[in-house]
1. If packing is taken as the mean number of other Cβ atoms within 10 Å per residue, what is the order of A:92-100, A:29-37, highest first?
2. Report, as an integer, the average count of C-beta atoms from other chains found within 10 Å of each Cβ along B:318-331.
3. Distance from the Cα centre of the range B:141-188 to that of the range B:192-242, in angstrom?
4. Leaving out same-chain residues fewer than 8 places away, which lysines sit with a Cα under 21 Å from that of A:LYS77?
5. For B:THR81, list long-range residues whose amide hydrogen, built 1.01 Å from N in the peptide plane, is under 5 Å from its own amide hydrogen.
6. Can you tell me the 0 to 90 degree angle between the C-alpha axis of helix A:60-73 and the longest principal axis of chain A, rounded to 10?
7. Is there a simple number for the mean count of other chain Cβ atoms within 10 Å of the Cβ of residues in A:8-16, and what is it?
8. Using a 1.4 angstrom probe and counting only protein chains, how large is the accessible area of B:THR49 in Å², to 10?
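The values are calculated or read from the model by the stated rules, or taken from the named source; none is laboratory data. What you see is a predicted model; the values in this text were computed from it and never measured. Neighbour counts are summed over all protein chains in view; Cβ atoms, including those assigned to glycine, are modelled from backbone coordinates with ideal geometry. For accessibility, only protein heavy atoms count, side chains too; no ligands or nucleic acids. Shrake-Rupley method; radii C 1.70, N 1.55, O 1.52, S 1.80 Å.
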Amino acid sequence: MDKVFLEEIIYRYKHPLHRGKNSGQKIASENVSCGDKITIYLEIFDDKIVDAKFDGSLCSIANYGAELLLDKIIGQKITELSQINSADLLGEIGASLLQNPVRLKCFELAQIALNELKSASQKRI
Amino acid sequence: MNRSDFPIFDYQPDLVYLDSANTTLKPRAVIDAVRNYYENYSANIGRATYDLAERATLEFNSVRQKVADFVGADLREVIFTHSATYGINQVAFGLRDFLRVGDVILLTEYEHNSNIIAWQKVAAETGARVVFLDEKPDLENVKIFAFSHVSNITGEVFDYDEITAKVHENGGLVLADITQSIGRTKTNLKNYDFAVFSSHKIYGPSGVGVLFAHREVQEKINPLIFGSQTFKKISRENVILADNFSRFEAGTPNIEGVIGLGAAIDFLNKISMNKISEHDIELTKYMTKQLEKNGLMQFLIGAPTTGIFSLNHPKIHPHDFAMLLNQQKIAVRAGRSCSDILMQKLGLDRGVVRASFGIYTTKTDVDKFIAGYKNAIERLAD
Ligand SMILES: Cc1ncc(COP(=O)(O)O)c(C=O)c1O
C-alpha cells in the first residue's frame with residue numbers, strides 16, 4: 001500500500017469527521033467474515049440527506065470508506081445516491097485498494113448499508 | 001536456523017514471515033524434488049511398466065515409508081489425501097455407518113473450522129450430536145472424539161490421554177489433528193485411531209495431506225470416492241475393493257506433491273526434529289519474555305508452549321495491525337484464523353493478530369514483530 005494513502009487512512013481514523021450519532025434514521029450493515037459492524041444515522045428532510053453520522057466497530061479501512069461516503073452524501077438527494085461507486089470515492093490516491101478484494105470489502109461496508117436505504121427509497125418511488 | 005535453505009529469502013531478504021501456522025515456506029530441497037520429477041521422470045505411477053514410470057512409482061512409494069517412519073506408524077496406515085481437511089472429511093463421512101442417532105461426537109472448542117464443520121454435517125445426516133468439551137459432557141455416549149494436538153490459535157499442546165482412554169473403553173474412536181504439531185515437535189501417535197495433517201504446513205507442497213488410519217480400525221471407514229487403483233477385482237456386475245490403503249486413493253494422486261512431501265521429511269530429518277523442537281521452544285520463550293518486557297502480555301491469548309502467538313488489542317482491529325506490519329514486510333495472520341467457535345467463546349468477533357514461527361524464524365524476526373506491534377498501537381490507539 002502506498003505510504004501517502006496509508007497516512008490518509010490513518011489520519012481519518014484518528015481524526016474522523018463524521019463519527020457519532022444523530023437522531024435520524026438508522027441503517028446498519030455487518031461484514032460477517034471479519035466481524036466489522038457499522039450503523040449510519042441519516043437525517044433526511046424533503047428527500048435530502050441533511051446530516052449523516054456513523055459509528056460501530058470498524059477497522060481503519062472500513063472507517064475510511066464510511067468517512068468518504070458520508071463526505072459525499074451529505075447534502076445529496078436520496079434519488080442521486082445510486083451513482084456512488086468505490087473507484088470514484090477512492091480516487092487516484094486509493095486506486096490500489098480496488099485490486100485488493102479482501103480490504104475493498106471493508107471499504108465498502110458503509111456503501112452496503114446505504115444500499116438498503118437505496119432499495120427502500122426505490123420501492124417508494 | 002537454516003534460513004539459507006529457503007530461496008524466498010534470496011528474493012525477499014527483508015521478509016519477516018510470521019505466518020507459518022498458515023503455511024510454511026518451502027526449502028530448496030522440496031522445490032528441487034518437485035522440479036526434478038517434472039524434468040526427469042514425470043510419468044504416472046502404478047500403471048505403466050517402462051523405466052520412467054517405474055522410477056516415479058518407486059519414488060512415490062518410498063514416501064509412504066518415510067511418512068510412516070516420521071511418526072512411528074506402519075506403512076499400511078498411511079493414506080495420502082489432499083489436505084488435513086480432506087482427511088477429516090474422509091474419516092467423518094467414512095464413519096456414516098458407524099454413527100447412530102443419539103451418539104455423541106465430541107470436539108474441543110479449540111478446533112479449526114475444518115475439524116468442526118465436517119462433523120456437524122455428518123451429525124446432521126446420522127442423527128448424532130456434536131458436543132464441545134467445555135460443555136462438560138458425559139463421556140459414555142461418545143462415539144468419536146476429535147481434537148487438535150496443538151491449537152492453531154494459542155500454541156498450547158493438548159494430549160487428552162484420559163479422555164482418549166475413556167472413549168476407547170466405551171468403543172469410541174479418536175482422531176488427532178496433528179496439523180500444527182507435526183512440524184514443531186516429535187510426533188507420537190500414541191493409540192489414536194486416526195491422525196491427519198497437511199504437507200504444506202511442514203515445508204512440503206500444498207495439495208497433499210496424510211491420513212493415518214490405525215490398522216485395527218481402517219476397515220471401519222468407507223472410502224468417499226472410487227476409481228482406478230482402488231479395487232482388487234472387477235467384473236461387469238461387481239467390484240471388490242482393495243483391502244488396504246489403496247481403496248482410499250482413487251485416481252492419479254498428486255505425484256509431485258507427494259514426492260515433495262518426501263523431500264520435506266528428509267529435510268526435517270536431516271536437521272532432526274529434536275533440534276527443530278528446541279528451536280521452536282527457545283523462540284517461544286524468547287517471544288514470551290519480549291511480550292512481558294514490553295507490557296504486551298495483557299493482549300496474549302492463552303499460554304503458548306509452541307511457536308503460535310495470538311494477540312488481541314481491545315481497541316485496534318487485527319486487520320489494522322496486519323496492514324501496518326505489512327508496511328514493514330512483516331507477514332502475520334489477522335482475523336478469526338479459521339477458528340470461529342473459539343473466537344465466539346472468547347468474544348473476539350474480529351479475531352486476533354497471530355504470529356507463528358517456522359524453522360527459519362529468528363529472534364530478530366520476533367524483535368521486529370514486537371517493535372511493529374508497539375508502533376501500531378502508538379499510531380492507532382487514542
Ligand atoms: C489445526 C488445523 N487443522 C486443520 C487445518 C486445515 O488445513 P488444510 O487447510 O491444509 O486442510 C489447519 C490449517 O490452518 C489447522 O491449523
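1. Working: A:92-100: 14.1, A:29-37: 17.8.
Descending mean neighbour count gives A:29-37, A:92-100.
2. Details: counts 3, 10, 10, 1, 2, 9, 4, 0, 2, 3, 0, 0, 0, 0.
Rounded to a whole number, the mean comes out at 3.
3. With the range B:141-188 and the range B:192-242 each reduced to a Cα centre, they are spaced 20 Å.
4. A:LYS21, A:LYS26, A:LYS48, A:LYS53, A:LYS118, A:LYS123
5. Amide H neighbours of B:THR81, under 5 Å, 5+ apart: B:GLY209, B:VAL210, B:LEU211.
6. The angle comes out at about 40 degrees.
7. Values: counts 0, 2, 6, 0, 0, 5, 4, 0, 0.
Taking the mean over all residues of the peptide, I get 2.
8. 110 Å²
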